[in-house]
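Structure first, then comments.
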Amino acid sequence: MYHINFDIGLGPAIYLTSMEYENLYGNYPFVFTFRFMWEPEHLLRLGIESGYLPLFYLETKFYDTVFGDTEAELSLNSVPIMAVFAMEVVENFEVFGGVGGFILISEVTSFDNYVLSTSWSNAYELGFSYLYPLNKKLKLGGEVKSYYITKLENYDLVFHVALKYTFFSY
């Protein structure tokens, strides 16, 4: 039997970076992702993933520039767009990987000016999940995954409470 599923995940993330700033906040309590997955009768599953992942927030006071001292607030958020490949290795335990990219959304406030810019970065994903069946259509469990963002050369480590709903079977 073939299934089409909708997976949703919500949980904290840790932005792993080599940047060393005192006021760099890279731990966010609510990162949100979702996937549409096609599960045929064989092992390989295919899907598309997206969501919203805040990566970091930096606040500086008395930042010295050539134009004088200023306070600055910087944030980097992202929207992943990934092709995902998954396989259930043992019952209810799934390993998955993805390839695609991130829309990076940069926001800067400095010298009383606000700047918003977007860019694209290639990205890769690797993770695993355990989902316990609650009934024939609904599974609940946990998921751990890591995104590698090539433009930043950094990782985002995500811990999710995950829910899988089978909305179509044939």
Practice prompt. Determine the relative contact order of the range 3-169: mean sequence separation of Cα pairs under 8 Å and six or more apart, normalised by residue count, in whole percent.
Written response: 23
Item to complete: Could you calculate the contour length gain from PHE34 to SER50, that is, 0.36 nm times the residue separation minus the distance between their Cα atoms, to one decimal place in nm?
Response: 5.2 nm
Worksheet entry | Gained length - ILE8 relative to THR109, 0.36 nm times residue gap less alpha-carbon distance | 33.1 nm
Worksheet item: Under 21 Å from the Cα of LYS145, which lysines turn up, not counting those fewer than eight places away in the same chain?
Response: LYS164
Worksheet entry | Residue-wise HN-Hα coupling along the range 114-131, computed from phi with Karplus coefficients 6.51, -1.76, 1.60 (Hz; x: Gly, Pro) | 10, 10, 10, 9, 10, 8, 10, 9, 5, 8, 10, 9, 9, x, 8, 9, 10, 10
Worksheet item: What is the spin-label model distance, in nm, from GLU91 to TRP120 if the labels are put 7 Å beyond Cα along the C-beta direction?
Response: 4.4
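None of the figures in this text is laboratory data; all of them are computed from the coordinates on show. These figures come from a predicted structure and were not determined experimentally. All Cβ positions, even for glycine, are placed from backbone atoms using ideal geometry, and neighbour counts span all protein chains on display.
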